[in-house]
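Reviewing the structure listed below.
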Amino acid sequence: MHERLESHFETVLARNAGEREFHQAVREVLESLGPVVDKHPEYVDQAVIERLCEPERQLIFRVPWTDDQGRVQVNRAFRVEFNSALGPYKGGLRFHPSVYLGIVKFLGFEQIFKNALTGLPIGGGKGGSDFDPKGRSDAEVMRFCQSLMTELYRHLGEYTDVPAGDIGVGEREIGYLFGQYKRITNRYESGVLTGKGLAYGGSRMRKEATGYGTVIFTEEMLAATGRSISGRRVAVSGSGNVAIYAAEKAIQLGAHVVACSDSGGYVVDEAGLDLDLLREIKEVRRGRLTEYAEARGSARHVAGASVWSESCEVALPCATQNELDAEQAAGLVGNGVIAVAEGANMPCTPEAARIFQDKGVLFGPGKAANAGGVATSALEMQQNASRDSWSAAYTEERLTRIMKGVHERCAVAADEYGQPGNYVAGANISSFLQVADAMLSHGVI
Ligand code: GLU
């Protein structure tokens, strides 16, 4: 790390004790900014980097709710409004028992740069709760969402802070949250949440956007080196929204997608994943991948193991943070992987990411490769603001153009700062410059 950034990083460590994932996300960005600081010392002099690492506002609140047995349950919820230099705070809500302040801050920090890379006017924020939706009834999820929004609504607004989904938060939860916001405020403010259902202001392609965008980004990386995903063996991790639609786009582009996973293990299907079956199990039944292997003769379920022990040419980690470590990265390289793109946020450990880059594997970091989701959220906000609704074809065309733009911004910045082909450096530098310039323009705030 550049010596002028080291003391800032020390401050981040001391000020945010125990927030391991946040430290990891900050370190990754600061490690890319050395050449920027050499060229533009004003960013350090004006404390832009120090300000960027300190959220503008952090909210932590109690969410009490009653379960189906009539017992009162208490969860903790967070909203970190990290940076509004480019637009209203924008980023999802995650419901998962692992959620604590360090996770929300890592996600919020990443979101600032990801959102800048889209070229759209959105700032960075993130939120969530340690609520575990697994095994909860619809009525319990509804009561939890209503209680959460009863506190959160006062901090939101289409020009202030616009949440969406993330792990554990999909169309069902967004619907309950929107209903409660509308009821409390007496305002039909469509643009206050994204990821809404199509019936009430949602955008076509939002559900598909993160996964589709990850594969469009992968195809751009491959095309830049004269290759394509067509005909290649692909593995994805996870089996949620991002994984399913990454698989769908890869299949559309002629790839052979053979594996995906959930928290119980993974499936390999040499005949190629049957996405209709996967959707039925995961989206409709909210079931387990063991059911996939039971229903399909060509598939094999491997319990308790990582999908990254399978060989593939293109790896798309779409599950969660730090799911792919150095040992698995070395294994993938040994098995001939040529491209890795992060559909999830920070799924590769820093050591794994370094191995891919050192071995000449194309590596698309999450803040670039998975930006299609939040970009389509911004398109949803555009449609809401103009009281319009776009066709799937037009929305996908916009998404594709945005992802090509993200790739271009990363590639140009990497070239300009002497690291051609390094998408980590390119993503961090390009997005930092945009946010930092806006912050400088706004003065000391
Ligand atoms: N949670 C998604 C992300 O990590 C989407 C956020 C949004 O649409 O606001 O980017």
I'm trying to understand the selection: among the residues of region 331-375, which are away from the ligand (no atom under 16 Å from the Cβ), open to solvent by less than 10 Å² (accessible area, probe 1.4 Å) and of a type in the set (Gly, Ala, Ser)?
Ala339, Ala352
Just the residues that are within 16 Å of the ligand (Cβ to nearest atom), of a type in the set (S, T, N, Q) and open to solvent by 10 Å² or more (accessible area, probe 1.4 Å), please, taken from region 204-244.
Thr210, Asn241
Given the conditions (1) under 19 Å from Ala246 (Cβ atoms); (2) modelled with pLDDT under 95, every one holds for Ser230 apart from (2)
I need the full set of residues from region 379-414 which are within 16 Å of the ligand (Cβ to nearest atom), aliphatic (A, V, I, L, M) and open to solvent by less than 10 Å² (accessible area, probe 1.4 Å), in order please.
Leu379, Leu399, Met403, Val406
How about region 34-52: which of its residues are touching a His at 6+ places or on another chain (Cβ under 7 Å) and either of a type in the set (Val, Ile, Thr) or under 23 Å from Cys410 (Cα atoms) (or both)?
Gly34, Val37, Ile49
Subset of region 97-123, residues under 17 Å from Thr210 (Cα atoms) and outside any helix (DSSP H, G or I), comes to Thr118, Gly119, Leu120, Ile122
Of everything in region 131-170 that's surrounded by fewer than 18 Cβ atoms within 10 Å (Cβ to Cβ) and of a type in the set (Asp, Glu), which residue is farthest from the ligand (Cβ to nearest atom)?
Asp138
Filter pass, Phe106 being touching a strand residue (DSSP E or B) at 6+ places or on another chain (Cβ under 7 Å), in contact (Cβ under 8 Å) with a residue 60 or more places away in the chain, within 14 Å of the ligand (Cβ to nearest atom) and of a type in the set (A, V, I, L, M, F, W, C)
no
Taking first residues from region 293-304 that are under 19 Å from Ser263 (Cα atoms) and open to solvent by 80 Å² or more (accessible area, probe 1.4 Å) and second residues anywhere that are assigned to a helix (DSSP H, G or I) and modelled with pLDDT of 95 or more, the pairs with Cβ under 7 Å that are 6 or more apart or on different chains are Arg300/Ala293
Of those in region 79-95 that are within 16 Å of the ligand (Cβ to nearest atom) and among the small types (Gly, Ala, Ser), the residue surrounded by the most Cβ atoms within 10 Å (Cβ to Cβ) is Gly91
Is it the case, given these coordinates, that Gly197 is out of contact with any strand residue (DSSP E or B) (no Cβ under 8 Å at 6 or more places or on another chain), of a type outside the set (D, E, K, R) and away from the ligand (no atom under 14 Å from the Cβ)?
yes
Out of Arg76, Arg57, report the one residue that is under 24 Å from His155 (Cα atoms), surrounded by fewer than 15 Cβ atoms within 10 Å (Cβ to Cβ) and more than 16 Å from the ligand (Cβ to nearest atom).
Arg57
State the number of residues belonging to region 175-197 that are under 22 Å from Arg62 (Cβ atoms) and out of contact with any Phe, Trp or Tyr (no Cβ under 8 Å at 6 or more places or on another chain).
4
What are the pairs with Cβ atoms under 7 angstrom where one residue, in region 138-164, is more than 20 Å from Ile122 (Cβ to Cβ) and the other, located anywhere, is crowded, with 24+ Cβ neighbours inside 10 Å and among the aromatic types (Phe, Trp, Tyr)? Sequence gap at least six, or different chains.
Phe144/Phe131
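The values are calculated or read from the model by the stated rules, or taken from the named source; none is laboratory data. What you see is a predicted model, and the numbers here were worked out from it, not measured in a lab. Every residue, glycine among them, receives a Cβ derived from its backbone with ideal geometry; neighbour counts consider all protein chains shown. We work out accessible area using only protein heavy atoms, side chains counted, and drop any ligands, DNA or RNA first. Shrake-Rupley method; radii C 1.70, N 1.55, O 1.52, S 1.80 Å.
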